[in-house]
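*Asks:* Sharing a structure below in structure tokens format, with a few things to ask.
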Amino acid sequence: MTHQDPSDLFAAPEPPARRPDPAPVQVPPTPAPSPTPGPTSPSVPGGARTEPSPPGPAGPPSEVPPSEGSPSEGSPSGEPAPTGAGTPDPPRARLGGARVAGILVLALLVGLLGGFAGERISGAGSDGDPSARLPAATGSAEAAAGFDRPEGSLASTAADVLPSVVSFEVTGADDSLSSGSGFVLRADGYVLTNDHVVAAGTGGGEVVVVLADGSEHEGEVVGRTSDYDLAVVKIDADGLTPLALGDSDDVVVGDEVLAVGAPLGLDSTVTAGIVSALHRPVQAGDQATTAFIDAIQTDAAINPGNSGGPLVNAAGEVIGINSAIAQPPGAMQATGSIGLGFAIPANQVRTTAEQLIESGQATYPVIGVLLDSSYTGEGVKVAEEAQQGNAPVTDGGPADVAGIRAGDIILEIDGRPVAQSDELIVAIRASQPGDAVTLRVRSGDDERDVRVVLQERPSE
């Protein structure tokens, strides 16, 4: 699942072509609206109007004789106002158009000044256009910065795990480049990853480990095994924070998990999902170095470059090592996550990593039979003919001692049905040399249970 190895399940996808920017389109000017008669101005108290009515046609002069007294405001000529039979009404003053307009302008200015002053007082110290301001978040910035996520939440788990996750930059002897992920296994500089991540860096290549703080360290591969697709790398560093290996036998379908690593070189990437299946038989690596994995399946997004990174549970414990992803039938190389990722169980990781640190070499268990890959019936068939000079049943091996013969059908291992050769192989490799397993075997019409003690074989 390295980043740029074309033979790897995790080769990087091609970046999508950039779409051309759309050409600018000029917006035609909006036509001006046709003039319409304005609304009638509201009346001013006392009968005065904000705009004088247009003058009507001239009428005949008043026939009422003028009375003595001072001229009224309504008589521009200075003539006395007409009198009636009773007490005369007080004169009604009319405001001139210019005076009314002045009052309205003054009121408008006062309103604008008041609103501006109120805005400045209520929004003092704020930046930007007040009309574009959005509601502020509740609580202070100091409280938000110091907010702690609940213990066991995905955010809390990610924060605990990320400082221990590393990325790899590998240069092959032919100057090929690839990348992957890993995590701190021990505080004294031991780091774990997939074998296929660092394989190109052995034999004249270079392996560089990049810690979470960005520091780069030259890595030395102290041990690797293609049979389990695991490798241990040592860097010259101390005081690192290791991740704890959990018990993968306690994992159940539906458990929440996080996949952490550097997909496509994007370090410190965290994706979330669940355990979607267990005991999934998976082959990883290339045809020359095929690893058989009794895998944990997850829908957490795993992409090229995630190889070697941890799959952790809600407690931040490593339950698996991300190693492979499924691709649709016919796909020549891995292009990205489709929701089917696979991880090596942590219990297998623990045993193999300890062997690699101690001796630089790992071992795996065998029962000493060759399987017929062309068989399509029930169970798994022991080959009837020799293959490449090897006998179907190893003379004196575990299966031979248990009474298994060429052509026998193996139906179950420890009560778990097997229908394909890979299922039997990964189930055996999930055990340890010296362990005893129970096989359900059919010979002709006879079925029986046989106890087989697994034999040790050195890993390549």
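Bear in mind these aren't lab numbers, they're just calculated from the coordinates by the rules spelled out. Predicted, not measured: the structure shown is a model, and the values here were computed from it. When we count neighbours, we look across all protein chains shown, and the Cβ atoms used for this are built from the backbone with ideal geometry, even at glycine.
*Asks:* When a footprinting reagent is the concern and you count Cβ atoms within 10 Å, what order do Thr193, Thr271, Thr352 take, fewest first?
*Replies:* Least to most surrounded, the residues fall as Thr271, Thr352, Thr193.
*Asks:* Quote to one decimal, in nm, the extra length available between Arg405 and Gln432 on full extension: 0.36 nm per residue of separation minus the C-alpha distance between them.
*Replies:* So the chain would gain 7.4 nm between Arg405 and Gln432.
*Asks:* To continue, here is another question. With a cut-off of at most 10 other beta carbons within 10 Å, and DSSP calling the residue loop, which chymotrypsin sites (Phe, Trp or Tyr not before Pro) in region 143-234 qualify? Please list them.
*Replies:* Phe147
*Asks:* Enumerate the calculated ³J(HN,Hα) couplings along region 437-443 in order (Karplus 6.51 cos²θ - 1.76 cosθ + 1.60, θ = phi - 60°), each rounded to whole Hz, writing x wherever the residue is Gly or Pro.
*Replies:* 10, 10, 10, 8, 10, 10, 10
*Asks:* Quick one: Val349, Val252, fewest Cβ neighbours within 10 Å first, how do they rank?
*Replies:* Values: Val349 22, Val252 7.
Least crowded to most crowded, the residues run Val252, Val349.
*Asks:* Can I ask one more? Using a ≥ b ≥ c from the Cα gyration tensor of region 154-359 (square roots of the eigenvalues), is it rounded, prolate or oblate, where a/c under 1.5 gives rounded and otherwise the larger of a/b and b/c decides, a/b for prolate?
*Replies:* rounded
*Asks:* May I pose another question? Obtain the nm distance between the two label points defined at Ala159 and Leu134 by a simple spin-label model: each point lies 7 Å from its Cα along the Cα-to-C-beta direction.
*Replies:* Simple spin-label model gives 2.4 nm for this pair.
*Asks:* Please order Arg416, Arg280 by the number of other Cβ within 10 Å, starting at the fewest.
*Replies:* Fewest-to-most ranking of Arg416, Arg280: Arg416, Arg280.
*Asks:* Please list 428-438, 292-302 highest first by mean number of surrounding beta-carbon atoms within 10 Å per residue.
*Replies:* My ranking of the peptides, most packed first, is 292-302, 428-438.
*Asks:* Based on the Cβ-Cβ distance of Gln387 and His279, what FRET efficiency does E = 1/(1 + (r/R0)^6) give at R0 = 22 Å, to the nearest 0.05? Numbers along the way, then the final one.
*Replies:* Numbers: r = 27 Å, r/R0 = 1.21.
That pair, Gln387 with His279, gives E of 0.25.
*Asks:* About the Cα centre of region 154-359, what is the dipole size in debye to 20, counting +1 per Lys and Arg Cβ and -1 per Asp and Glu Cβ, all else neutral?
*Replies:* 460
*Asks:* Determine the equivalent ellipsoid of region 339-401 by diagonalising the alpha-carbon gyration tensor, then write out the semi-axes as square roots of 5 times the eigenvalues, largest first, rounded to whole Å.
*Replies:* Equivalent ellipsoid semi-axes, largest first: 29, 20, 10 Å.
*Asks:* Would you work out if region 263-305 is rounded, prolate or oblate? Take a ≥ b ≥ c from the square roots of the eigenvalues of the alpha-carbon gyration tensor; rounded if a/c is under 1.5, else prolate when a/b is larger than b/c, oblate otherwise.
*Replies:* Here region 263-305 falls in the oblate category.
*Asks:* Mind listing P(r) for region 233-296? All alpha-carbon pairs, 10 Å bins, whole percents.
*Replies:* 15, 31, 42, 12
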